[in-house]
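To keep things clear, I will list the structure first and then write my remarks on it.
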Amino acid sequence: MRGTDYVLKRIAFAIVTVFVAVSINFVLFRLAPGTAVSNLSRVPHATQQLRHALEKQFGLDKSKGEQYVIFLKQLVHGNLGISYENEQPVATNLRIELINTLPMVTLGTVFSILIGTLTGVIAAWRRGTPTEAVTVSSALGFYSMPTHWLGLMLIIIFAGTLPTGGMTNEFLLNPGFWQHLKDLGSHVLLPSLTLGLVLYGEYTLIVRSAMLETLGEDYILTARAKGLKPWTIIRKHALRNAMLPITTLVALSLGYVVAGAILIETVFSWPGIGRAVYEAVLQRDYPMLQGAFLLLTISVVVCNLIADLLYFKLDPRITT
Amino acid sequence: MSVPLLEVEGLHVWFDLEGGGELHAVQGVDLSLDPGERLGLVGESGCGKTTTALAILGLLPPNASVSGRVLIDGEDILAGGEAAMRPHRWVDVAIVFQGAMNALNPVRTIGQQIVESLELHGRAKGAVARTRTAELLESVGIPAGRAGRYPHELSGGMRQRAAIAMALSCNPRVLIADEPTTALDVMVQAQILELLDALCRDFGLALVLVTHDLPVVAQLCDRCAVMYAGEIVERGPLDVLYHTPGHPYTRMLFAASPDLGMGDAPVLSIPGAPPRLDRPIDGCPFRPRCDSAFAACVERPSLLEVGDGHAAACHLNTRVPA
């Protein structure tokens, strides 16, 4: 049957990719200058004994090879280790941060995809008109703005109207469900808007060029000759074909949703994964970094897999 | 005299060129077509045949400007702009494009694409439309079971048949076939031509066949219009054009066609190339390549009746014998 082979091949490939990425992550952080212990024992007059005790506690006295084998074994059992920093299980830390990050980044990404697709289609359909010039140049403008700068500008503009930092209002004690939701919603607006504005330009450009390519095809002329209305032609014929390159981009960027947005989370003090990774790098918190990167790897690989499978669904010409 | 089914009057098309200037691609074309009639529109590449065909349905790209009238049953369909044109497309005039390769949407099945036009013009819906699609496919020689196939799963000939089935879906009265056999091999070409011939007969279709291939015209058409440099230089019944061409270009075109060449005479080629259309043409556009040019040819000739339903744009026809 068409497809089974393709799907199996893709899945096997995805699993291998995750394994390779996990191994590279393990090596990478240990290659970086400085060690976890030198960081943890940075108290004045740390004795050699303290260092040894710390090394023993976290298993850093074993050889790199042994550490790697233990790491893989534990990984198979779903154990990501204990954070050096707060001595909590990494999985627990990551779960909390992931739950914080996902709504904010998802909202921003969805916003950018919608605006990007819409402006891209408009720019392609109105090619050579001032409408195209305006949509493309504003998309490029936002695309090239430094993320943190745009975040700061939005804070300047909206300070006083919308909350500019954190996830919730800490002075709101025992809020009801709806009150809490409303509070979260108002906090998520600015970071999501920043992310959406910075990202949508890329979609505009990709959608525009994919649309221009398909709009020049003969079957678009056929569709016009049949008497279809412009919007139907765009939806049923042009966009459907232009979806192929767009899907890849969307799936790829959805993979990074999990990684959070380090700059945005920093500017808006959003307690998500991006900020956690940044702090873990500073602390040489190997288990935390390995856990976060594993999460990132899996989400990117899974999203790529989804893109491949969607591609397969969207393009009947792919058979192997 | 009755009103012709399709009439094109004084059609001009200009394309704006990038970097300024414009190209006068069609320079005053008049055509008329009666119900069931088959007209061949022939000429070299770049002479404006396809542009004329696209202009009839208002399908030219945005950088084209058009003047002139296209009348269907005496009603000007160009006058109302794109929105007014739309209901006429596929219903009055349908078109089959060259290279069935790309004329069908690669990500939708041929069945879906035929159903789409049926539903669009309110001919049928849902299950009825699918049944009708199956009938249409059968009528062009595609087994009905292939409706679920994608274009890339069909051969070139099959794709062209599917495109023809799609063009017939709304029972148009005029079918424009733009180089329908160009990308196909000879055997398949012959099959497609036979199919078009049979369909025109069975459905009473009027046909405008756009091609550079005279033998193809000879096989299908009653009348022929020869285009050169954006204008019609001769038109008339095919056998009249063949035996007594009124324009040297027509004569040379026939001589350049192997199947129709005069007996065992060697196939001739016409030296030179058509004039550029992005600048005004002085005198007869064919003059530089013509073997019979004379003094009067510095004036541009106009298309004049030279016989019954036969017109040509050449000063030779009005030359006063010395």
### Task
For A:125, B:90, give the ranking by accessible area with the largest first, probe 1.4 Å.
A:125, B:90
### Message
Return the Rg/Rh ratio of region A:2-314 with Cα-based radii and a Kirkwood Rh.
### Response
1.06
### Query
What does the convex hull of the Cα atoms come to per residue for region B:161-217, in Å³?
75 Å³
### Rg to Rh quotient for region B:73-125, alpha carbon positions, Kirkwood Rh
1.03
### Message
Using only the alpha-carbon atoms, how far is helix B:110-120 inclined from the longest principal axis of chain B? Give it as 0 to 90 degrees, nearest 10.
### Response
80 degrees
### Task
Report, in whole Å, the centroid distance computed from the Cα atoms of region B:1-71 and region A:116-135.
30 Å
### Query
Nearest 10 degrees, 0 to 90: what angle lies between the long axis of helix A:273-283 and the longest principal axis of chain A (Cα atoms)?
30 degrees
### Total lysine pairs under 29 Å (Cα atoms) in the protein assembly as shown, excluding pairs fewer than 8 apart on one chain
16
### Message
With a cap of 10 neighbouring Cβ atoms within 10 Å, and only residues DSSP puts in a loop, list the GluC sites (Glu not before Pro) found in region A:10-100.
### Response
A:87
### Query
Quick one: ranking A:148, B:243 by accessible area, 1.4 Å probe, largest first, what do you get?
B:243, A:148
#### Entry: Heavy atoms of residue A:209: accessible area, 1.4 Å probe, square angstrom to 10
60 Å²
### Query
Taking a probe of 1.4 angstrom, what is the accessible area of residue A:236 in Å², to the nearest 10?
80 Å²
### Heavy-atom accessible surface that A and B bury in contact, both chains counted, 1.4 Å, Å² to 100
2100 Å²
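For region A:251-293, which chymotrypsin sites (Phe, Trp or Tyr not before Pro) are both in a DSSP coil and crowded by at most 12 other Cβ atoms within 10 Å?
none
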### Query
Taking springs between alpha-carbon atoms closer than 10 angstrom, which of B:95, B:77, B:281 fluctuates most in the Gaussian network model of chain B?
B:281
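So what is the relative contact order of region A:2-314, in percent, for Cα pairs below 8 Å that sit 6 or more residues apart?
Answer for region A:2-314 is 28 percent.
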### Message
If you fit an axis through the alpha-carbon atoms of helix B:126-139 and take the longest principal axis of the Cα set of chain B, what angle between them do you get, 0 to 90°, nearest 10?
### Response
50 degrees
### Query
Pick from A:282, A:140, A:94: which residue has the top mean-square fluctuation in a GNM of chain A where Cα pairs under 10 Å get a spring?
A:282
### Query
Probe 1.4 Å, all protein chains in place: accessible area of residue B:302 in Å², nearest 10?
70 Å²
### Message
Let me test this: with uniform point scatterers at the alpha carbons of the protein assembly as shown, what is the Debye-based log₁₀ I(q)/I(0) at q = 0.07, 0.09, 0.11 1/Å?
### Response
-0.65, -0.87, -1.09
### Query
If one computes the Cα centroid of region A:156-201 and of region A:275-296, what distance in Å separates the two points?
26 Å
### Which of B:269, B:139 is most accessible, then next, and so on - probe 1.4 Å
B:269, B:139
### Message
Within 10 Å, at most 14 other Cβ atoms, and a DSSP state outside H, G, I, E, B define an exposed site. Report the longest part of chain B free of exposed trypsin sites (Lys or Arg not before Pro).
### Response
B:126-275
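The values are calculated or read from the model by the stated rules, or taken from the named source; none is laboratory data. Fair warning: this is a prediction, and the values are worked out from it, not measured in the lab. For neighbour counting, all protein chains shown are included, and Cβ atoms are generated from backbone atoms with ideal geometry for every residue, glycine included. Accessible surface is based on the protein model in full, side chains and every heavy atom, while ligands, DNA and RNA are left aside. Shrake-Rupley method; radii C 1.70, N 1.55, O 1.52, S 1.80 Å.
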